[in-house]
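S.K.: Pasting a structure here, questions to come.
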Amino acid sequence: MTEVSVTKDAVPTADDLVVLKNVNKHFGALHVLQDIDLTIARGEVVVVIGPSGSGKSTLCRAINRLESIESGSITIDGKPLPEEGKALARLRADVGMVFQSFNLFAHKTVLENVMLGQLKVRKADKKAAEDKARALLDRVGVAAQADKYPAQLSGGQQQRVAIARALAMDPKVMLFDEPTSALDPEMINEVLEVMQQLARDGMTMVVVTHEMGFARSAANRVVFMADGRIVEEAVPDQFFSNPRSDRAKDFLSKILHH
Amino acid sequence: MFDFLEGYNLWEAFWTTVQLTVLSALGSLIWGTLLAAMRVGPVPLMRGFGTAYVNIVRNIPLTVIILFTSLGLNQTFGATLGSSQIESTNFRLAVLGFIAYTSAFVCEALRSGINTVPVGQAEAARALGLNFTQVLTLVVLPQAFRSVVGPLANVLIALTKNTTVAAAIGVAEAALLMKEMIENEAQLVLISAVFAFGFVCLTLPTGLILGWVSKKVAVKR
């Protein structure tokens, strides 16, 4: 019985969008990713949580190769992650990324930020790109800021623009690397609401976060990492109410009871 | 008091200085940017070339480079740079020499500007699917240039004064005229003062204007 299910797991189905197999990476002597196996299905929202230095950001960044890996394989939509060059750029265009520090292009207006990828990577024409950019900015609630520069916006607004910028590429999957960690507490919700909406719309999402409320309400699955390993994977309800591993129990006891 | 100026065409001499400066500045801006792109690029061979070029060229005295363009390129290898007259050949050789020399400094100023652009800017650009050249030309370099207008103004001012070295290969710019006047007139101090004043008139506005531009285009973060 067990063997049957193992074999079944090993065969990628058409619905598996992101597949990590046996991924390893070191930062010097530190083994930040240890034998990571993770499969993310189309339309699934996976929230990665864990203590600082557990490798969750590195995992997220490895999926579009902002961090290289030493061994193992990562495939996206059936295609292995290319090492470099044009093929890698093409793949990255299909993988949206939202950073902790927003990283909006500081010398371009909000509108230009959202148009850049469409114009230069998707080769869209200017009118279409602008219309789409304005629609997306409207969707994330910052349409009124279109002609300002990033430095003139609040953190929450900047992060919502960053989400719009990633969405403008029509990504197959969105990666969120601690999207609310650099925000003032009052701005966290406006960003989380946009992400909730995305999740409801069926976007495939990998979210590294410390927002347990978001994990509970939006995630299909919680992945708990510690010391470079995936320690536990479960649906949110089960993970938060009845964690199996001691490491997860310890982590949750520290963050939930105060 | 300024009788000694009669019979000399100062305007023409300084105009040649301006031409030397502008052409060399444009050339070294282009070549220096390419060198900087090579030095931050992913191709080891190009990185090596950029590094070697900068470290060799900036450590050779400018006079040696300018003399080499004339004695080496022109007289030994017969390069005329598409000109049949010796005067314009020398002018072109001088511009070539200034570009070769100044671009090393432009490259290093620009590279320090690239280092002021947060890594996240390039990461965000790569994450959108832009290739290396696009990341550099659309995101990194525009921000790098804005942060090095001040240092580039220094390079431009140095270049303006460095053009006097072209006198060594007979280009009729300001310093050559000064030398001629000092030989013919008995007004050593006044002649020097006139030429010093001429150069200040060229470089002082350059510094002031570019200082203003530097503040104007600074990227707010």
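S.K.: Just the residues that are assigned to a helix (DSSP H, G or I) and more than 10 Å from every other protein chain (Cβ to nearest Cβ), please, taken from segment A:81-111.
M.R.: A:A87, A:V110, A:L111
S.K.: If you don't mind, another one. What is the number of the single condition among (1) under 27 Å from A:L59 (Cβ atoms); (2) charged (D, E, K, R); (3) at the interface with another protein chain (Cβ under 10 Å from one of its Cβ atoms) that A:K120 does not meet?
M.R.: Condition not satisfied by A:K120: (1).
S.K.: Based on what the data block shows, is B:S70 under 18 Å from B:V155 (Cβ atoms) and either outside any loop (DSSP other than H, G, I, E, B) or in contact with a His (Cβ under 6 Å, 6 or more places away or on another chain) (or both)?
M.R.: no
S.K.: Mind checking whether some residue in segment A:167-181 is part of a helix (DSSP H, G or I) and away from chain B (no Cβ under 12 Å)?
M.R.: No, segment A:167-181 contains no residue that is part of a helix (DSSP H, G or I) and away from chain B (no Cβ under 12 Å).
S.K.: Any residue at all in segment A:62-75 that is at pLDDT below 95, away from chain B (no Cβ under 11 Å), in contact with a Pro (Cβ under 8 Å, 6 or more places away or on another chain) and part of a loop (DSSP other than H, G, I, E, B)?
M.R.: For segment A:62-75, residues at pLDDT below 95, away from chain B (no Cβ under 11 Å), in contact with a Pro (Cβ under 8 Å, 6 or more places away or on another chain) and part of a loop (DSSP other than H, G, I, E, B): absent.
S.K.: Then there's this: For segment A:126-163, give me each residue that is within 14 Å of chain B (Cβ to nearest Cβ), farther than 16 Å from A:K108 by Cβ and crowded, with 23+ Cβ neighbours inside 10 Å.
M.R.: A:Q159, A:I163
S.K.: Same structure again: Of the residues A:F251, A:F176, A:F240, A:F224, which single one is surrounded by fewer than 22 Cβ atoms within 10 Å (Cβ to Cβ) and in contact (Cβ under 8 Å) with a residue 40 or more places away in the chain?
M.R.: A:F251
S.K.: I've got another one for you. Considering (1) outside any loop (DSSP other than H, G, I, E, B); (2) surrounded by fewer than 17 Cβ atoms within 10 Å (Cβ to Cβ); (3) away from chain A (no Cβ under 14 Å); (4) not aromatic (F, W, Y), say which one B:A167 fails and leave the rest.
M.R.: Against the list (1) outside any loop (DSSP other than H, G, I, E, B); (2) surrounded by fewer than 17 Cβ atoms within 10 Å (Cβ to Cβ); (3) away from chain A (no Cβ under 14 Å); (4) not aromatic (F, W, Y), B:A167 comes up short only on (2).
S.K.: If you don't mind, another one. Given the criteria touching a helix residue (DSSP H, G or I) at 6+ places or on another chain (Cβ under 8 Å), within 29 Å of A:Q100 (Cβ to Cβ) and surrounded by fewer than 19 Cβ atoms within 10 Å (Cβ to Cβ), does B:T63 qualify?
M.R.: No, not satisfied.
S.K.: Is one or more of the residues making up segment A:17-40 closer than 18 Å to A:T180 by Cα, of a type in the set (A, V, I, L, M) and either within 14 Å of chain B (Cβ to nearest Cβ) or buried (at least 22 other Cβ atoms within 10 Å of the Cβ) (or both)?
M.R.: No: zero hits.
S.K.: Among the residues in segment A:179-190, are any among the charged types (D, E, K, R), under 30 Å from A:D131 (Cβ atoms) and in contact (Cβ under 8 Å) with a residue 40 or more places away in the chain?
M.R.: Yes, because at least one residue in segment A:179-190 is among the charged types (D, E, K, R), under 30 Å from A:D131 (Cβ atoms) and in contact (Cβ under 8 Å) with a residue 40 or more places away in the chain.
The values are calculated or read from the model by the stated rules, or taken from the named source; none is laboratory data. All values reported here derive from a predicted model rather than from experimental measurement. Quick reminder, even Gly has a Cβ in these numbers, built from the backbone with ideal geometry, and neighbours come from all protein chains shown.
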